[in-house]
1. Quick check on this structure: which one of Ser28, Ser8, Ser39 is of a type outside the set (A, V, I, L, M, F, W, C), within 23 Å of Asp70 (Cβ to Cβ) and modelled with pLDDT under 50?
2. Among the candidates Tyr220, Tyr275, single out the residue that is part of a helix (DSSP H, G or I), crowded, with 21+ Cβ neighbours inside 10 Å, under 19 Å from the mean Cα position of the chain (by Cα) and not assigned by TED's automatic domain parsing to the domain that holds Thr56.
3. Any residue at all in segment 333-340 that's in contact (Cβ under 8 Å) with a residue 12 or more places away in the chain and loosely packed, with under 14 Cβ neighbours inside 10 Å?
4. Give the residue that is farthest from Ser121 (Cα to Cα), with candidates limited to residues of segment 315-333 that are of a type outside the set (A, V, I, L, M) and touching an Asp or Glu at 6+ places or on another chain (Cβ under 8 Å).
5. Between Phe303, Phe297, Phe381, Phe327, which is surrounded by 13 or more Cβ atoms within 10 Å (Cβ to Cβ), within 28 Å of Tyr182 (Cα to Cα) and over 19 Å from the mean Cα position of the chain (by Cα)?
6. List the number of the failed condition for Gln267; all other conditions in (1) touching a Leu at 6+ places or on another chain (Cβ under 8 Å); (2) of a type outside the set (Ser, Thr, Tyr); (3) modelled with pLDDT of 95 or more hold.
7. State which residue is farthest from Val326 (Cα to Cα) when the search covers only segment 228-273 and only residues that are touching a strand residue (DSSP E or B) at 6+ places or on another chain (Cβ under 9 Å) and among the charged types (D, E, K, R).
Amino acid sequence: MRITFLISFLILSHFSFGQTPIIKATSSKVDIKNDGHLSKGSWTLMPDLKPDIYQTNVNGKSKKVIFYTDIDSISFIVKPKKTYDFIILLNEKDTCWTQINTIPKFEFSKQYIKKNKGEFSFEVPEVQELVHIIVALTPTGIKDKNMVNHDTKYYEKILKEFGQYKDEPIVNKIDSLLKKQYYAVLKMDACGFYFNGDSIKKDSTYNNLSWGNTNFIESYTSQIEQFAKKTSFRKFYKKQSTYYNRLISLMNNQTPIHKQWDWLENQFSLRYDNYRITFSPLVNGWHSTNRFIQEDFKQTVMFICGPIENNEYSTKINEGLMTRIVFTEIDHNYVNPISDKYNKEINIAFDDLSKWATKKALNNYRNAYDVFNEYMTWSVFSIYAFENFNPEDFKMINDKVELQISDWRGFKNFKAFNQKMIELYNNKMENEKIEDLYPVILEWCKKQ
């Protein structure tokens, strides 16, 4: 068993065997005591992540962090902006490279704040696009048309240009992570890296852009670099610059950001200083968002699909359909914080989730809070569309929204909820905002 461990350990090129502390475990659940506060079973060992990062802030000069497995423990006195590596050997065979990281999750410089305050951007980030291409080559990406948009000439070009590299090790590794439902966090964290020549460097602004404290891309950057060199990806990306810029121009036309931004901040008390919107023409229906708040600077970052490139609908309908995609990511950053204040009421109103969501929906939205937020997020967009489009266009846009959420995504009571929210909005007091309607809509939900 020791030989097996040593072979797997040698692939961790950051360390030598004698330098890295090792503890043992027979259970994947680990307790952590952080500055005297014990969290039972709060850490799950994940051997595939190298390293698996435990993020913690140090407000003073130092503090003590202890990891307890079921049979062993290890402690560190940690200081600000440092990393501490160790190995947890699970069942005498799986090497779990674990890292305590006290580097802040994000840190906006004064220059960054000055440059970005009050601004928004549409981007096709280079490293993120490379990760999307790798995803498109995987068996999972080839099979999943919701994850990867198969219906564009760009996708056909990707398969023609890169298809011969579908068996590269990094493609197989990314596929294994996709099967564990890591798609969203992989593309989110990819936005925190950039090319410097042929090397991939980490953006010093962010430790990670995904939720939680783990960077899901960092341990694979050397393999991604190798793939980029072998495939001449950077030359391909540069050749596509005209296409990417055309998509950015379309995004500006189809989803007017300041219009949405102003409207949302009239309806909610929260304020954001910067919208960063990243997209790829390879993305289809898998979208996500995160927010970063440092004192009086608040940023929301979105990870979405590209603009609508066909002429099936009118310009105004395309604006509504594309705005819906961006809007329903943006407004999570307004809706969710208000929901936090009503968590108890949400749990009561949505105590029987089977009334509100099918099994399909509950695979991804597993508790009352998440289900309610999805209802509210999409309904807020319907109200926005009601106010900003003529009745004929609104009906078409809203019918598509209600069909998508109720029938396709499985939030089966959405149409009634949405109609009630529109009614409440139309009858609200002049000085009331959407956030003031939470108690009323939750009371209605209790009676359903």
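1. On the way: Ser28 fails: modelled with pLDDT under 50; Ser39 fails: modelled with pLDDT under 50.
Exactly one residue qualifies, and that residue is Ser8.
2. Values: Tyr275 fails: part of a helix (DSSP H, G or I).
After applying the criteria, what remains is Tyr220.
3. From segment 333-340, those in contact (Cβ under 8 Å) with a residue 12 or more places away in the chain are 333-339; that's our starting set.
Now restrict to residues that are loosely packed, with under 14 Cβ neighbours inside 10 Å: none.
Within segment 333-340, none of the residues are in contact (Cβ under 8 Å) with a residue 12 or more places away in the chain and loosely packed, with under 14 Cβ neighbours inside 10 Å.
4. Initial filter on segment 315-333 (of a type outside the set (A, V, I, L, M)): 315-316, 318-320, 323-324, 327-329, 331-333.
With the extra rule that they be touching an Asp or Glu at 6+ places or on another chain (Cβ under 8 Å), the set shrinks to 316, 320.
Working: Lys316: 22, Gly320: 19 Å.
Taking the candidates together, the pick is Lys316.
5. Details: Phe303 fails: over 19 Å from the mean Cα position of the chain (by Cα); Phe297 fails: within 28 Å of Tyr182 (Cα to Cα); Phe327 fails: over 19 Å from the mean Cα position of the chain (by Cα).
Answer to the check: Phe381.
6. Exception for Gln267: condition (1).
7. The extreme case among them is Arg234.
Condition check ((1) modelled with pLDDT under 95; (2) in contact with a helix residue (DSSP H, G or I) (Cβ under 8 Å, 6 or more places away or on another chain); (3) loosely packed, with under 14 Cβ neighbours inside 10 Å; (4) closer than 22 Å to Ser288 by Cα) across all residues:
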position	(1), (2), (3), (4)
Phe216	yes, yes, no, yes
Glu225	no, no, no, no
Lys229	no, no, yes, no
Phe236	no, yes, no, no
Thr242	no, no, yes, no
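The values are calculated or read from the model by the stated rules, or taken from the named source; none is laboratory data. Because the structure is predicted, anything quoted here is derived from the model rather than measured. Because the Cβ atoms are built from the backbone with ideal geometry, glycine has one as well, and the counts that use them run over all protein chains shown.
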